[in-house]
Every structure is written in structure tokens, then in C-alpha cells.
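Chemist: Take this structure, written in C-alpha cells, and hold onto it; I'll ask about it next.
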Amino acid sequence: SDLIESRIGNRFEPFIAYKIISVDNINVLKIDCKKSNKACYLDKKIFYIRTSPTARALEGPEMVSYINTRFPSN
């Protein structure tokens, strides 16, 4: 909870659910993220998008275009 607040902001905490689950006797942190209607930045500068099973950072014009299309009121 402290990391969420310091790295992305507490206004996004309601969109994130996490719990520890056991997979083959190994504890794993499972994180579920709900869709937001606002752009969210890691450390107030890095913008990531989900692409299939991975996340990737967008920068420059690609980031601006994506945010303007996906979050028109941002």
C-alpha cells in the first residue's frame, strides 16, 4: 500500500487488489488491476501499457498519441 501511494499515487489504490497465493508451495504475490479512466504514471514520469502478457513503457509521441486517444479528458 505504501509503495502504491509513493510510486503511482493513492488515487489509484482502489483500482488495485493484491494477495499472496501459493503456487507449487511457493508464495506468489498476485496483483489484479482494474481499468482506470485516467492515465497513471510510475514515479510521475513513466507510462506503461499492457500488451498481451507483458507491459511496455511508451515515450514521446507514441505516449502522447495513446493517452490522447485512450483518455481524451486527461
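Chemist: Write down the radius of gyration of the chain and its Dmax, each obtained from C-alpha positions, in Å.
Modeler: 14.3, 45
Chemist: Here is a follow-up. Using 0.36 nm times the number of residues separating N27 and Y66, minus their current alpha carbon distance, what extension gain do you get?
Modeler: That works out to 10.5 nm of additional length.
Chemist: Positive end of the charge dipole of the chain (Lys, Arg +1 and Asp, Glu -1 on Cβ, about the Cα centre): tell me which of P14, I46, V28 has its Cα farthest that way.
Modeler: It is P14.
Chemist: Could I ask something else about it? State to the nearest 20 debye the size of the charge dipole of the chain about its Cα centre, where the only charges are +1 on K and R beta carbons and -1 on D and E beta carbons.
Modeler: 240
Chemist: Relative contact order (percent) for the chain, with alpha-carbon contacts under 8 angstrom and 6 or more residues of separation?
Modeler: Result for the chain is 21 percent.
Readers should treat all values here as calculations from the given coordinates under stated rules, not as data from a laboratory. It should be emphasised that the depicted structure is a prediction, and the values quoted were computed from it without experimental measurement. Cβ: placed from backbone, ideal geometry, glycine included. Neighbour counts: every protein chain shown.
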